[in-house]
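Asks: Attaching a single structure in structure tokens format; questions to follow.
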Amino acid sequence: MRIDHSVPKEACRRAYPRMDVALAASALAIARSRSVVVTDVSLIGAQMGGRDLPPAGEDMMMLVGSLDAMATVVWSDGEKCGVRFDEAIADETIAQMKREADWAELAQWSH
């Protein structure tokens, strides 16, 4: 039996603080992969931006920096979507993602 994971965007409550980031990532689903930008992340979920994002209820794997996490899309509206991770990620992992984002930003400045 499949559980309906779709939640209207406005009904999503942020029980965990989100950290703003700007990380290039891949969203891999059974049907296809997409290039996305992770715009914020918390212990239990993330927001992504991109084109042709997966619909609510679709399972996916998010690959960003040193993190790979299984997730379910809980809302999607055009060029943004929110996902809930199957398993919470550690604070240390979020800190590593932030360091990777900061490094990527610095690396672009040197070119």
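Asks: May I ask for the net charge around VAL36, where only other residues with Cβ less than 11 Å from the Cβ of VAL36 are counted and Lys, Arg are +1 while Asp, Glu are -1? Each step should come with its number before you reach the end.
Replies: Details: positive: ARG34, ARG51, LYS80; negative: ASP52, GLU79.
For residues surrounding VAL36, the net value is +1.
Asks: Quick check: residue separation of SER66 and ASP86 times 0.36 nm, minus the Cα distance between them. What number comes out in nm? Walk me through the numbers before you get to the answer.
Replies: Numbers: separation 20, 0.36 × 20 = 7.20 nm, distance 1.72 nm.
Gain in length upon complete extension: 5.5 nm.
Asks: Can you tell me the equivalent ellipsoid semi-axes for segment 16-103? Use √(5λ) from the Cα gyration tensor, largest first, whole Å.
Replies: Details: eigenvalues 73, 35, 27 Å².
Working from the Cα gyration tensor, I get semi-axes of 19, 13, 12 Å.
Bear in mind that the values in this text are calculations on the coordinates, not laboratory data. Note that the coordinates shown come from a computational prediction; the quantities given were computed from them, not determined experimentally. Cβ atoms come from the backbone with ideal geometry, glycine included; neighbour counts cover every protein chain shown.
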